1. Could you work out the Rg to Rh ratio of the range 345-417, with Rh taken as the Kirkwood radius (inverse of the mean 1/r over all Cα pairs)?
2. Tell me, what is a quarter of the convex hull surface for the C-alpha atoms of the range 1-126, in nm² with one decimal?
3. So which lysines pass the test for LYS71, namely a Cα distance under 22 Å, with those fewer than 8 places away in the same chain ruled out?
4. Going toward the positive end of the dipole of the chain, with +1 on Lys and Arg Cβ and -1 on Asp and Glu Cβ, which of GLY73, SER421, MET235 do you reach last?
5. Would you mind listing how long the range 102-184 runs along its three principal axes, going by Cα atoms, in whole Å with the largest first?
6. Evaluate E = 1/(1 + (r/R0)^6) for HIS411 and ALA348, where r is the Cβ-Cβ distance and R0 equals 41 Å; express this FRET efficiency to the nearest 0.05.
7. Determine, from the Cβ-Cβ distance of ARG171 and ARG297 and an R0 of 22 Å, the FRET efficiency 1/(1 + (r/R0)^6), rounded to the nearest 0.05.
8. For the range 158-216, what are Rg and Dmax over the alpha carbons, in angstrom?
Amino acid sequence: MESSLEIGFLRVTEKAAIAAARTMGYGKRKFSDQVAVESMREELGKMRMRGTVVIGEGERDKAPMLYVGEKIGRGYTNGEDVSMPEIDIAVDPLEGTNLCAVGAPNAIAVLAASEKSGLLHAPDIYMDKIVVGPTAAEHVNLDSSVHENLHQMAEAYKRDVDELTVVVLDRERHHDLISQIRDAGARIKLISDGDLSAGIAAAVRGTGVHCSMGIGGAPEGVLTAAAMRCLRGRMQGRLRPLEKWQEDRMKSMGFDDATKVYDTDDLAAGNDIIFSATGVTDGDLLRGVRFFGGGIRVSSLFMSLKTGTIRFVDTIYTDLPSGVPGNDDGGTMGAWYVLATLGLYPVAGSDLWIIGAPRFPKARIVVGGRELLIEADGVGNSAQYVQAVELDGVPLDVPQLTHAQLTGASHLRFVMGDEPSRWGR
Ligand code: VTB
C-alpha cells in the first residue's frame, strides 16, 4: 500500500476518536457511535482508493453508513476509477460505545485495511476467543483447557500462573470460564466492554495484561487478528451462535462448521495489512483524546504488516495561528504551490521572483493593495512551455522580476506553447 494511503488511515481513526470523545459522558451510547461513524465515513471518502467495507456497522438494511459491502473512497466518487487501488476495510468506529457514554477507560476508534480479500467477512454473531502476545503465541490453543493454556503461558513468560493477568468480559456467559481461570490461579481483570482493546493490550508488553479470553463479537475478532498479525501475537476464535438467528445468519453467510477454529491467518490473511487504533478515553494501551485551549491531542497505535512497523503516534491538531512545529513548513509548502501555479517562484532571502510556467489561464491576485492580473494565453496540458512574457506590455528578456517590479505592475502576461522555447536563455 502506498505510504500516503497508509497514513490516511491513521487520520481516519484520529478524527473518529475526536468526534466520539466530544460526546464522552453524555450517556448517549448510540449518539457517540453515530458521530464516530459519520467522521470515519467522511475521512474514508477522501482517500485515493476503491475501498470496500468488509467489517462495518452491520448489514445494509440495518446500517445507513459503513455497512458491509459499502464502496467508499475517491475511486468511487465519479464512477469507478481503476487507477486507484482496491482495499478491503474493517472498521469499529467506536469500540466500547458504553465506555465512551460513561467516560470509562478503554474506548477506542479502530480500523484495519488490507489488499482485496485479506480480511475475513465474519458474520455479526459471537465468537469464542483467546488472544495472546508474541511471547505466548505458540503456547496456546483454543481447544486446550483453560488450565493447560494458562500453564503453557506461564512457562512462556517464565513466571508463575498467579503472575498472569487475564481479561474477561463481565458477562453471565463467562461464569464457568471465570471459575476455571480462578482455579488455575491466574489473576483476572473483569471488564464491562471492549474485548478488542483488551486483546491488543495483551499483545503489548508493559500493559499488565497477558491474555484475553471469552466470548465477544466475531467482527471485532477479525480486527483483533489484524492487529495480531502486525504485533506477531495470536488470536484464535470459534464462531459461537448463542441464539437461533445467529445460527441461521452464520449458515446463510456460508459458515457451516461451528466447530472450526479460526487462527490469526484465517481471520486476517492479507500480506499488506494496516491497523490503526486511536484512544477515545484513557486506557491500558492508549491515552484518550485530550482537549486544550486551541488544540487537541490524540494517541494512536498505527501498524503496517508489510513494512513491519509498529508506531505509537501522538498527534496534536491545533487551530492556533502560531501552530505547532511542522505547521509553518506545511503553510510554506501550500503558499509555494499556489505561487508556482501562477508561474512565480519566490527566492527566499532576496527580493527576486523567478518566472516559471503557470497552470491557470487567468488569475487575479492582490499585491500590496493593487490588483495584478496574470494571464497565460493557451495554457493547457500540451501547451505548458513559456514562449514569451510581458510585464505591463513590455517584453521581458530574463526569467526573473524584482519584488518592486512585481508589486508595481498590474498585468503579467505569458504566451504558452507546445514545445520548449529559447525564451529567457
Ligand atoms: C461486547 C463488547 C465487545 O462484543 O462484548 C460485545 O464489549 C458483545 O457482547 O467489545 P455482549 O452482547 O454481551 O455485550 C464486543 O463489542 C466486541 O467483541
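Each value in this text was obtained by applying a stated rule to the coordinates, not by laboratory testing. From a predicted model like this one, the values you see are computed outputs, not experimental measurements. Don't worry about glycine lacking a Cβ; one is built from the backbone with ideal geometry, like all the others, and counts go over all protein chains shown.
1. Details: Rg = 11.9 Å, Rh = 12.5 Å.
Across the range 345-417, the Cα-based Rg/Rh ratio is 0.95.
2. 7.8
3. Straight-distance partners of LYS71: LYS15, LYS46, LYS62, LYS116.
4. SER421
5. Extents along the principal axes: 41, 33, 24 Å.
6. It comes out at approximately 0.95.
7. The value I calculate is 0.05.
8. Every Cα atom of the range 158-216 included, Rg and Dmax give 10.9, 32 Å.
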